[in-house]
C-alpha cells in the first residue's frame, strides 16, 4: 500500500506541475478569449439578423435559403481561409394555413384550443376532424385500453415533463416518445387523430411543435397529429373528467413536398501544423417555423461562427484546421449532419474533435463529452482554467445530433451545456425569439466554446497524440 | 515530509468516509427538499401576489405596509410556532409626479430623455433645471476638471459597468460610487445637478434608480440627481461630442417626509434541541417603486418563506430555532436589518447562522460565506451533496446587507448566489416584474437554501459545536 501511495503522490505532484504550467499561458489566453467575446463579439448582431430579418428557417423554406446566403456572406467577411456551401437534399414539409381547434362540450358550446401541427404530420380532412377523445399518459396505455376504447377516437397524450428532473433535457427525454411515435402507435389501435401535450415545463398558451414519424405506416393509415399548449392540455384534461364524451375538433392543412436542394454552410481556418486534421464547431441553421429559432438553434450557429471570429480577431493561428459547420435540417431529417459525415469519410478527412451548441443561448455551465477515459482525463485537467468563468460542468454524456454521424473510435465529441431551466419555455414554439436571448449569456457561451477549442487545438486529443507518437 | 504525507492521507481518508456517511441520509433528504420545492412550492404564487397585487414596495409606502400584512398572513397559514411583526421606524421618500427630461441642442430642438430620480434626491426647482452638461467617467475626474469647468453645470457621470467582469456584481461595484456619492461630490465643485448612467450592462431605455447620499452637505447645497437609461446615456454622450454646449433639462418633484412606522416580518419554527439558538433566512420586503420588486427582492422574501414552508410540509423538526426574517428598508436605510440585530443583542439571542437571498430569483449557483476557515471547511465538505443540483459555487465573500449587522466572531453568514448575468437588466428599474422571474429557477433557489439550512441545523456550525464541547 505504501508503494501505491507514493506512486499516487508522484502522479498527483506531476498533475499539479502540469496544471501550473498549463495555467500561466492558458489562463491568459482564456481571459483574452472571454474579453474578445464580451467586447468585440458579433454573435448577438448575427442572431438579431437571423431572428428578426429572416425568422424561422424550416428546411426547404425561403427563410432557410436566406439564412444560408446570409451566414455565408458573414463568414466571407471574416477573412477565413475557405468558405463554401455543401449541397444536401432536404425534406420539405409545410404547415399550411394556421391551425384551428376547439373543444366542444355540447353542440355549439365550444372553447378554442391552442394547437399546432407536429412537424411531418398529414393534414386533417379538408373540413377538419372532430371526434371523441381518449386521454392517456403514454404509448404504453394504448395496449391496456385496447382497440375497443380507442377506435374512432382522438388519442390525447398527456404525460407532462417531470418537474423534479434538474436537467430539463432528461424530463424532455421522458416524454418525447408521445410526440415522435404517438400517432404511429395510436393508428394501430384505430385512432383517427392525435393531440399531444406540449413538451414544456411551464404552464402557458404556446403549442410546441417538433418532429414525428409514421414509420412504415401505409399512407392511407396515417392520422394527423397536433400539439396542444400546456394550459390547453390541462383544460382539456379537466373538461374530460367532467364530460368524458366531449368532442375535439382540429383542422390543419400541412403537406409534404418532394425533397429540395439546400446546403450546409462551412468556413475554415486552415491549420498551421496539421492542416489535414479537422476540429469542427457547429449548430444547425434550420429551425421550426413557429418562432424565429433564436435559441434553437440560431444561438448555436452564431456562437460557432464566433469561435472563428474570435480566433481571427486575436490573430490566433490554430495548429489544426478549425471549421465552423452550420448544418441544415437537424429538426426534421438530420440530412446536413449525415451528409457532412458521409463526405468527410469519402474524402478521408481526419476529424479529431467536434463540438456542437444546440441547447439554447443561456449561461454556459460546461460541456458533456462522448469520448474515452484517456481523453476525458485530459479534458478534466483543464477544469481549473474555466473556474473564473463559473464553468463547472465536465461530464461524459451525449454531444449533439448533427455531429453524431461523425462518431468513431477516434474522434472526441462534445456538446455545450448551458443552463437548461428556461430552454423548454421556448423550444419549438412561437416565443423562441430574439428578445428571449440575453447578449451576455450568448457571448459567454461562445467564449466557453472558443476556450475549449483553443485547448484542444493546442494540446491535441489524446487519441491523436498517441497516434503521432507511433 | 513523509509523516506529513501520512497525516494528510489519513485526513483525506477520514474526509472520504465522513463524506460517504453524510451522503447516504443527507442525499435522500436533499432530494426530498428539491422535490418538495418543485412539486409543492408556494414561492411562485406568493411572488405573483407581491408583484401583481401589491407592486413596488418603497419604505414608508402603502404598498410596503400591504406587503407586511400579506406576508404575515401567509406565514400565519403555515402553522409556524411564532409569527410576529417587529416595529421599526423607516425613512419616507416619495418620487412625486413622473420625471421629465430632455436634451436641447438648440432652442426648441429637443429630444426626450428617459430618466428617474435617484432615491433620496431632492427635487429640481419647480420649473425644472436646465444647464450645460459636463461629462465625466467618475468622481475622480472632478478634481482634474476643477471648479471652473464644473460651476453652474450638470455633471454627467458616464462610466459604464465593465462587461468583461464575469460576476456582474463586481461590475456594479466598480460604478456605483457615481450614483451613491456623485451628487455630494459634484456639489463641492459648484455643479447644479447630476445625471448618472444607469447601472445596467444592457443597452435599453429603462432608467435605474437606487440610493444616494448627500452626507453632511448642508440642505441648501444639495443638488438634484437622476439616472438616465443606458441608451439615453450613449445618446447624450454622442450629442455632447458634436455639440459640447447643449443643454440638459430635467424636472423631478421628489420629497423627504419624516420617518414612519413600519415592520420586519418574522416567523419561527422553534428548535427541538437548541430552542435558544437561532438560524435565520431572509430577504428584504421593501423595494424600489419603479417596477414591482420581483427579483429585488421579492424573490429573496418568498424563497426565505419557502424554506420554512418546505420544512413544515416535510414534517422536518429542526434542532435549532429557524426564523424567516423579511427585513424592511434595505434599499434606502437598512433600518430593518439594523433593528433586528439590535434587538437580538438586547435579548441576548444566540444567532449561529444567517442566510440572505438578495441577488435575484435566477438559477442558483451556490453561496458565498463570511466565516472562518473551520466553518468554511465543514461547509465545503457538503459540496458533493449539491452536485446533482448543479450547485457548485462555495466561496468566501460577502453575504447580505440585511444580515450584516448580526456579524460577530461566532455567527456564520451566507448569501445565496444565483446566476448574475441578467440581474442588472432589471435591478431597480421598471421592468423588474413578475414575468422576468422563471418559476423553476426561483424554486431551485429556495430548495438550495433549504438544503444548506438543513445541513447547518443537523451538524451545527463548527463554532457552535466547539462551544458545546467545552
- Query: What residue of chain B has the nearest C-beta to the axis that moves B onto A, and what is that distance in Å, given as a whole number?
  - Reply: B:392, 2
- Translational diffusion coefficient (Stokes-Einstein; Kirkwood radius from C-alpha pairs) of the protein assembly as shown at 25 °C, 0.890 mPa s, in µm²/s: 80 µm²/s
- Note on the structure: Over all viewing directions the Cα convex hull of region A:228-387 casts an average projected area in nm² of 15.1 nm²
- Message: Antiparallel versus total DSSP beta bridges in chain A: what percent is that, nearest 5?
- Response: 55 percent
- Distance between region A:389-406 and region B:75-101 - C-alpha centres, whole angstrom: 47 Å
- Query: In nm, what does the list of distances from residue A:137 to its counterparts in the other copies look like, shortest first, when each label sits 7 Å along Cα to Cβ?
  - Reply: 6.3
- Note on the structure: Distances in nm between the label point of residue B:259 (7 Å along Cα→Cβ) and its equivalents in the other copies, shortest first, are 7.9
- Under the classification rounded if a/c is under 1.5, otherwise prolate if a/b is larger than b/c and oblate if not, where does region A:358-456 fall, given a ≥ b ≥ c as square roots of the Cα gyration tensor eigenvalues? oblate
- Count, for each residue of A:417-428, the Cβ atoms from other chains sitting within 10 Å of its Cβ, then give me the mean as a whole number. 3
- Task: Please report the relative contact order for chain A, taking Cα pairs under 8 Å with a sequence separation of at least 6, and give it as a percent rounded to a whole number.
- Result: 21 percent
- Message: Using Cβ counts within 10 Å as a stand-in for footprinting exposure, how do B:301, A:254, B:226 rank, fewest first?
- Response: A:254, B:226, B:301
- Query: So how do A:164, A:338 line up by other beta-carbon neighbours within 10 Å, fewest first?
  - Reply: A:164, A:338
- Message: Run the label-point distances for residue A:466 please: 7 Å along Cα to Cβ, every other copy, nanometres, shortest first.
- Response: 4.9
- Take the Cα coordinates of region B:368-411, assign each an equal point scatterer, and use the Debye formula without solvent to give log10 I(q)/I(0) at q = 0.18, 0.29 Å⁻¹. -0.60, -1.06
- Item | Rounded to 10°, Cα long-axis angle of helix B:62-77 versus longest principal axis of chain B | 10 degrees
- Task: Per DSSP H run of n ≥ 4, the term is -39500 (n - 2.57); total these for chain B, divide by its residue number, and report the mean residue ellipticity at 222 nm rounded to 500 deg cm²/dmol.
- Result: -11500 deg cm²/dmol
- Task: Would you mind pulling out the separation of the Cα centroids of region B:260-317 and region B:137-211, in Å?
- Result: 34 Å
- In Å, the Kirkwood hydrodynamic radius from C-alpha pairs for region A:96-253 sits at 15.3 Å
- Message: Between helix A:176-187 and chain A, what is the angle of the helix's C-alpha long axis to the longest principal axis, kept within 0 to 90° and rounded to the nearest 10?
- Response: 40 degrees
- Give the angle, between 0 and 90 degrees and rounded to the nearest 10, that separates the Cα long axis of helix B:2-40 from the longest principal axis of the Cα atoms of chain B. 70 degrees
- By the mean-Cβ-within-10 Å protection proxy, highest first, A:100-108, A:191-199 rank as A:191-199, A:100-108
- Order of A:372, B:409 under a 10 Å beta carbon neighbour criterion, fewest first: B:409, A:372
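Only the coordinates and a few stated rules stand behind these numbers; no lab work does. Keep in mind that this is a model prediction, so the values were computed, not measured. Here Cβ is always computed from backbone atoms with ideal geometry, including for glycine, and neighbour counts include all displayed protein chains.
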